[in-house]
1. Starting from segment 46-60, keep only residues that are under 15 Å from residue 12 (Cβ atoms), then list their pairs with residues that are within 9 Å of the ligand (Cβ to nearest atom) and small (Gly, Ala, Ser) whose Cβ atoms are within a distance under 6 Å, requiring at least 6 positions of separation or different chains.
2. Please verify whether residue 134 is within 14 Å of the ligand (Cβ to nearest atom) and of a type in the set (Val, Ile, Thr), treating the condition exactly as stated.
3. For residue 64, indicate whether it is out of contact with any strand residue (DSSP E or B) (no Cβ under 6 Å at 6 or more places or on another chain) and touching a residue at least 60 places away in the same chain (Cβ under 8 Å).
4. Quick check, is residue 74 surrounded by fewer than 15 Cβ atoms within 10 Å (Cβ to Cβ), of a type outside the set (Val, Ile, Thr) and in a strand (DSSP E or B)?
5. Taking residue 47 and the conditions (1) outside any helix (DSSP H, G or I); (2) more than 13 Å from the ligand (Cβ to nearest atom), which numbered condition does it fall short on, given that it satisfies the others?
6. Since residue 33 meets every condition but one in (1) touching a helix residue (DSSP H, G or I) at 6+ places or on another chain (Cβ under 8 Å); (2) surrounded by 14 or more Cβ atoms within 10 Å (Cβ to Cβ); (3) of a type in the set (D, E, K, R), which condition does it not meet?
7. Identify all residues within segment 79-97 that are over 17 Å from residue 39 (Cα atoms), out of contact with any Cys (no Cβ under 9 Å at 6 or more places or on another chain) and within 16 Å of the ligand (Cβ to nearest atom); write none if there are none.
8. Select from segment 1-45 the residues that are touching a Ser or Thr at 6+ places or on another chain (Cβ under 8 Å) and either under 23 Å from residue 64 (Cα atoms) or of a type in the set (A, V, I, L, M) (or both) and list them in ascending order.
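The values are calculated or read from the model by the stated rules, or taken from the named source; none is laboratory data. Small disclaimer: the values here were computed from a predicted structure and weren't measured. Because the Cβ atoms are built from the backbone with ideal geometry, glycine has one as well, and the counts that use them run over all protein chains shown.
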Amino acid sequence: MALRKIVEVGDECLNKVCRPVTEFNPHLHQLLDDMAETLTEARGAGLAAPQVGVLRRACLVMDEETEEYLELINPEIIDQRGEQTGLEGCLSVPNKWGIVTRPAWVRVRAQDRDGAWFEVEGTGMNARCFCHEIEHLDGHLYTEHIDHFLSEDELREYLEAEEEE
Ligand code: ZN
């Protein structure tokens, strides 16, 4: 396994529509292993292949409960319900935060690293993360959904209010 460099906003890889994964081979497995290592090192909740410069439809999302990374190949959101509004950041937009509204619940259809199709549901942070990572595969960033980045004061106030809940 090896760490990969996470590209940052301004890099054109983040604005491209990624191509489907068609070969479920050792090359893909190496990419996924490297992405898991890179994500662990960065202490992130999710990472999409274009963020490491690979324009393929693959991403990792951390399961909020097990804290394990779920590998999603060619993922699609096939159903969604409700709404949640909360804090969001991105490893490709370092040290910045915004408030984004996302579905409260989503169902995702995806393939695993060997090509088998499965479905997974998520609420809360998981639903937010599925939406954020799958959006990366179409060349979109969460920053398109916000009108401003939180200031340090706004971030502190948000986190304090959350702790009181
Ligand atoms: Zn991101």
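1. Qualifying pairs under 6 Å: 51/92.
2. yes
3. Working: out of contact with any strand residue (DSSP E or B) (no Cβ under 6 Å at 6 or more places or on another chain): yes; touching a residue at least 60 places away in the same chain (Cβ under 8 Å): yes.
Yes: the conditions hold for residue 64.
4. Working: surrounded by fewer than 15 Cβ atoms within 10 Å (Cβ to Cβ): no; of a type outside the set (Val, Ile, Thr): yes; in a strand (DSSP E or B): yes.
When the stated conditions are applied, residue 74 does not pass them.
5. Failed condition: (2).
6. Residue 33 satisfies every listed condition except (1).
7. Residues satisfying the conditions are 86, 87, 97.
8. Residues satisfying the conditions are 3, 6, 7, 9, 14.
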